[in-house]
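Working notes for the structure below.
The values are calculated or read from the model by the stated rules, or taken from the named source; none is laboratory data. Keep in mind that what you see is a predicted model, and the values were worked out from it rather than measured. Heads up, the Cβs are rebuilt from the backbone with ideal geometry, glycines too, and the neighbour counts pull from every protein chain shown. For accessibility, only protein heavy atoms count, side chains too; no ligands or nucleic acids. Shrake-Rupley method; radii C 1.70, N 1.55, O 1.52, S 1.80 Å.
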Amino acid sequence: LSPSLQTASVAQGSRLMLCQRDTQLELWYFQQPKPKDPLQGPGTPMPEGQHVLKVSLEGAREGRHLSASAIAPDGRHFAASDDAGTRAFTANLEDLEVRRVKGLPKEVLKTPARALLFCGNELLAAAPQSGGPLLLVDVARQTVAARLEAHEAPVCLLASEGEWLASADVSGAVHVFSLDSLQHHAQVPVGGKEAQGRPTALCFDAGRQRLIVALSTHMLVIFDIEAQALAADVPALVPVPRSLVPAHARICGVVAPPGSRDKLLLWGHTFLARVDLKTLSTEGGDESPKKRRRKSGATEGVAEPGKAAERGWRTYDGFQHIISLCGLEEAQWGGPVLPPAGAPGDAAKKRGQDGGAAKRAMVLTMEVAPGAIEQSLPQAFERKEFNKSPK
């Protein structure tokens, strides 16, 4: 499994999912939830996925695998790249029609991309595979809107939310750009003594005020974008407990559920975990975080390790071979499919305490079936045994 060669992205506004697998792209449409049957109990019926289209680039005939793909939030545009270059498409689901966007600059068409991301419905961020400026392409006008030249190594990760764009390169540098001014905004302090490791995932929080960087050393770096410094209202450096996520596991993605500013979901191929930053920052009763760190000997700005930190964490069982996880907006996707955990009266109590309906995060995961994994494995070698002839 590779989070680069096999991945998926969701268009929230059109309920579309773009799946990238080897040499092909697949478009899936999730239908609106059907009216709930009272006999089925609480919750919303599972939305049905409908396979709409399958798209391949010219290089698919030669066996060229796709290196990156992305879909716009409204689902009207999507893009893909292989070793031959980058292509953009327009999708018309009513007529089941896909057309290639003609007129893109040769700088884009002939440049293989290591990462692609739509920053809005028409602005595409493309990271060249061999390095160079990060390209911002206006797909509607077929022009390069900006060339961002802050990185000295090829960019491998992209994240965007609102007016911000974050990028990380293979050397470990992380930069933040403003999409309003199309200028460099800040550099995240990654790679120091306390934040060692290479970035493996980027994410903005639901309030668009913090950038979360997951490192290969299982450390989360919380960066305040406006202050251009590490976060002060929550722990700035959060180690992931080894008892929850194995040391060899890779954090492939971080998701901030809509409406939950201080809660994050971390996922890898074999795990899904949640962390509440507020719980980590208020752990210890009435004592201030600074006093608790002094007692425990923890470094300033770092969440306390061990059992105290694990109380702000939770893992979810039953996930295998995850290759993508996306947070869903309730306005577009309807209510949660599963009923809330706990006793039937717990949800009502929580609504009464909060003064309204409790917000529950919804996510869509894409997993590879165990049967498909077994079929992709090489055939097992069986040693032949010969019976010895009796004397």
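Odds and ends about this structure:
- Beta carbons closer than 8 Å, at least 6 apart along the sequence or on distinct chains, pair a first residue in region 266-282 that is without any contact (Cβ under 8 Å) to a residue 40 or more places away in the chain and on the phi < 0 side of the Ramachandran plot with a second that is surrounded by fewer than 17 Cβ atoms within 10 Å (Cβ to Cβ) and basic (Lys, Arg) for Thr279/Arg311.
- Checking each residue in region 166-213 for being touching a residue at least 12 places away in the same chain (Cβ under 8 Å) and of a type in the set (Lys, Arg) picks out Arg198, Arg208, Arg210.
- Of residues in region 97-115 being assigned to a strand (DSSP E or B) and open to solvent by 40 Å² or more (accessible area, probe 1.4 Å), the one nearest to Leu165 (Cα to Cα): Arg114
- Residue match in region 192-201 (condition: open to solvent by less than 10 Å² (accessible area, probe 1.4 Å) and over 17 Å from the mean Cα position of the chain (by Cα)): yes
- Region 86-96 - residue that is out of contact with any strand residue (DSSP E or B) (no Cβ under 7 Å at 6 or more places or on another chain) and in a loop (DSSP other than H, G, I, E, B) and, of those, nearest to Ser56 (Cα to Cα): Asp95
- Enumeration of residues in region 151-179 that are assigned to a loop (DSSP other than H, G, I, E, B) and either under 23 Å from the mean Cα position of the chain (by Cα) or crowded, with 19+ Cβ neighbours inside 10 Å (or both): His151, Ala153, Pro154, Gly162, Glu163, Val170, Ser171, Gly172, Ala173, Leu179
- Subset tally (residues that are more than 24 Å from the chain's Cα centre (by Cα) and open to solvent by 50 Å² or more (accessible area, probe 1.4 Å)) for region 60-96: 8
- Flag for Ala358 being modelled with pLDDT under 55, surrounded by 12 or more Cβ atoms within 10 Å (Cβ to Cβ) and not charged (D, E, K, R): yes
- Per-region count, region 234-258, residues out of contact with any His (no Cβ under 8 Å at 6 or more places or on another chain) and open to solvent by 70 Å² or more (accessible area, probe 1.4 Å): 2
- Across region 29-46, the number of residues qualifying as surrounded by 18 or more Cβ atoms within 10 Å (Cβ to Cβ) and either closer than 25 Å to His321 by Cα or at pLDDT 85 or above (or both) comes to 2.
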